[in-house]
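Novice: Handing you this structure, nothing more for now.
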Amino acid sequence: MKTLLVTGGAGFIGGNFVLDLLAQGGFRVVNLDKLTYAGNLDTLAPLKANPDHVFVQGDIGDRALIERLLAEHRPDAVVNFAAESHVDRSIDGPAEFVQTNVVGTLNLLERALGYWRGLPLERQDGFRFLHVSTDEVYGSLGPVGKFTEETAYAPNSPYSASKAASDHLVRAFHHTYGLPTLTTNCSNNYGPYQFPEKLIPLMIQKALAGEALPVYGDGRNVRDWLFVRDHCRAIRRVLEAGRTGEVYNVGGDSERENIHVVKTICALLDQRRPLADGRRRDSLITYVKDRPGHDRRYAIDSGKLQRELGWAPQETFESGIARTVDWYLDNQAWCGRVLDGSYRMERLGA
């Protein structure tokens, strides 16, 4: 049985990864999460009695804590999901993003390097540090083309700049010190357990309540949508067979304009939970002033991951968004507990 130290494992992507990994079996997970507003122990409730899951509340920037966890649990890999991740929040407060995403990642790398150097040679060969990042580090695309692993970095928000810096640190620790690192850059994730400040869960919650649906700008910004459990499968595959020092882009092959995403959610909810007054939910769409520095289009070329490691997304956007809407309808109690007063679906980063 392999042991993984997973950071940020009570958040959206990290929580889904931990749940899926332990359902698969053969792993023990030490799950470190700071439990900021976006970390939620309710997500991990199915693991409450699982002896292969050890939850620790703490910060990746805590040197003594990271050293203790590495020494005590002797992991075979570190998987770093821990990050401040919301672009709008980064506009309002960039310093927190630098502290977690840059300084925190640096501390994790330094502690992992010391731990790795002290391992027996046979365990050194098998150790991995996998850093989970975003396509936003590449900046904005024109109407054609896709991001590849060779695309130059051009981050346009404080969030993406902080993630770009952390990516560069991971690369440097491999090339300078030999630490066996892997980096994944993913497109926009969606699915169960996503905090409702992001587009899809926010629109689901507002549309359920019959509230106005704010769409930035003209709604024509394009994102490549990736179902979170497809992403989790990709991370497991990179961890198993990825070449150290390499970057792997993970995309859903599902480019959609934001307005299309919102209208799809409206149609699905109209079918499943019609409004009492009979209105169509797309009548609630309201165009609002665009976000500062809003990238026009992202699209990921995940051909390298598909060719080298045999991964491909299993969900289309249509199947994934239907599964997602159904999950939120079935888990309104989870949503209610998440919205504890620190965030009330208000606009941030204006």
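The values are calculated or read from the model by the stated rules, or taken from the named source; none is laboratory data. Bear in mind the structure is a predicted one, so any value in this text is a computation, not a measurement. Here the Cβ is made from the backbone with ideal geometry for all residues, glycine too, and neighbour counts use every protein chain on show.
Novice: Can you tell me which of Val103, Val98 is in a helix (DSSP H, G or I) and buried (at least 17 other Cβ atoms within 10 Å of the Cβ)?
Specialist: Among Val103, Val98, only Val98 is in a helix (DSSP H, G or I) and buried (at least 17 other Cβ atoms within 10 Å of the Cβ).
Novice: Within the stretch 79-100, count every residue that is closer than 17 Å to Lys198 by Cβ and more than 12 Å from the chain's Cα centre (by Cα).
Specialist: Result for the stretch 79-100: 7.
Novice: From the list Gly252, Gly219, Gly278, Gly245, exactly one residue is crowded, with 20+ Cβ neighbours inside 10 Å and part of a loop (DSSP other than H, G, I, E, B). Which is it?
Specialist: Gly252
Novice: If Ala267 satisfies every condition in (1) modelled with pLDDT under 95; (2) hydrophobic (A, V, I, L, M, F, W, C); (3) farther than 28 Å from Arg89 by Cβ but one, which is the exception?
Specialist: Among (1) modelled with pLDDT under 95; (2) hydrophobic (A, V, I, L, M, F, W, C); (3) farther than 28 Å from Arg89 by Cβ, the lone unmet condition for Ala267 is (1).
Novice: Looking at Ser140, Ser85, which is the one that is in contact with a strand residue (DSSP E or B) (Cβ under 9 Å, 6 or more places away or on another chain) and more than 30 Å from Trp334 (Cβ to Cβ)?
Specialist: Every option except Ser140 fails the conditions.
Novice: Let me ask another. Quick check, is Arg237 under 23 Å from Phe12 (Cα atoms), touching a helix residue (DSSP H, G or I) at 6+ places or on another chain (Cβ under 6 Å) and among the basic types (Lys, Arg)?
Specialist: Against the criterion (under 23 Å from Phe12 (Cα atoms), touching a helix residue (DSSP H, G or I) at 6+ places or on another chain (Cβ under 6 Å) and among the basic types (Lys, Arg)), Arg237 qualifies.
Novice: Same structure again: Report yes if some residue within the stretch 300-312 is at pLDDT below 90 and over 28 Å from Gly93 (Cβ atoms); otherwise report no.
Specialist: no
Novice: Return yes when Val30 is surrounded by fewer than 24 Cβ atoms within 10 Å (Cβ to Cβ), closer than 22 Å to Trp116 by Cβ and at pLDDT 95 or above and no when it is not.
Specialist: Yes.
Novice: Condition first: farther than 13 Å from Thr134 by Cα, under 16 Å from the mean Cα position of the chain (by Cα), in a helix (DSSP H, G or I) and not acidic (Asp, Glu). Can you find one or more residues in the stretch 185-200 that meet it?
Specialist: Looking for residues that are farther than 13 Å from Thr134 by Cα, under 16 Å from the mean Cα position of the chain (by Cα), in a helix (DSSP H, G or I) and not acidic (Asp, Glu), one finds at least one in the stretch 185-200, hence yes.
Novice: Condition (residue is out of contact with any Asp or Glu (no Cβ under 7 Å at 6 or more places or on another chain), touching a residue at least 60 places away in the same chain (Cβ under 8 Å) and buried (at least 18 other Cβ atoms within 10 Å of the Cβ)) applied to the stretch 146-156: is it met by at least one residue?
Specialist: The answer is no, given that none of the residues of the stretch 146-156 is out of contact with any Asp or Glu (no Cβ under 7 Å at 6 or more places or on another chain), touching a residue at least 60 places away in the same chain (Cβ under 8 Å) and buried (at least 18 other Cβ atoms within 10 Å of the Cβ).
Novice: Then there's this: Anything in the stretch 1-58 that is more than 19 Å from Thr100 (Cα to Cα), assigned to a strand (DSSP E or B) and of a type in the set (D, E, K, R)? List them, or say none.
Specialist: Lys2, Arg28
Novice: Find the residue count for the stretch 33-43, including only residues that are buried (at least 19 other Cβ atoms within 10 Å of the Cβ) and farther than 19 Å from Val78 by Cα.
Specialist: 3
Novice: Any residue that is in contact with an Asp or Glu (Cβ under 8 Å, 6 or more places away or on another chain), exposed (fewer than 14 other Cβ atoms within 10 Å of the Cβ) and not acidic (Asp, Glu) - is there at least one of those in the stretch 124-134?
Specialist: The answer is yes, given that some residue of the stretch 124-134 is in contact with an Asp or Glu (Cβ under 8 Å, 6 or more places away or on another chain), exposed (fewer than 14 other Cβ atoms within 10 Å of the Cβ) and not acidic (Asp, Glu).
Novice: Restricting to the stretch 64-95, and then to whatever is without any contact (Cβ under 8 Å) to a residue 60 or more places away in the chain and in a helix (DSSP H, G or I), can you tell me which residue is surrounded by the most Cβ atoms within 10 Å (Cβ to Cβ)?
Specialist: The qualifying residue surrounded by the most Cβ atoms within 10 Å (Cβ to Cβ) is Ile66.
Novice: If you don't mind, there's one more thing I want to ask. Would you be able to tell me the number of residues in the stretch 238-254 that are under 21 Å from Ala299 (Cα atoms), at pLDDT 95 or above and among the charged types (D, E, K, R)?
Specialist: Summing the residues that are under 21 Å from Ala299 (Cα atoms), at pLDDT 95 or above and among the charged types (D, E, K, R) in the stretch 238-254 gives 1.
Novice: Go through the stretch 1-15 residue by residue and tally those that are over 17 Å from Ala49 (Cα atoms) and under 14 Å from the mean Cα position of the chain (by Cα).
Specialist: The qualifying residues number 7.
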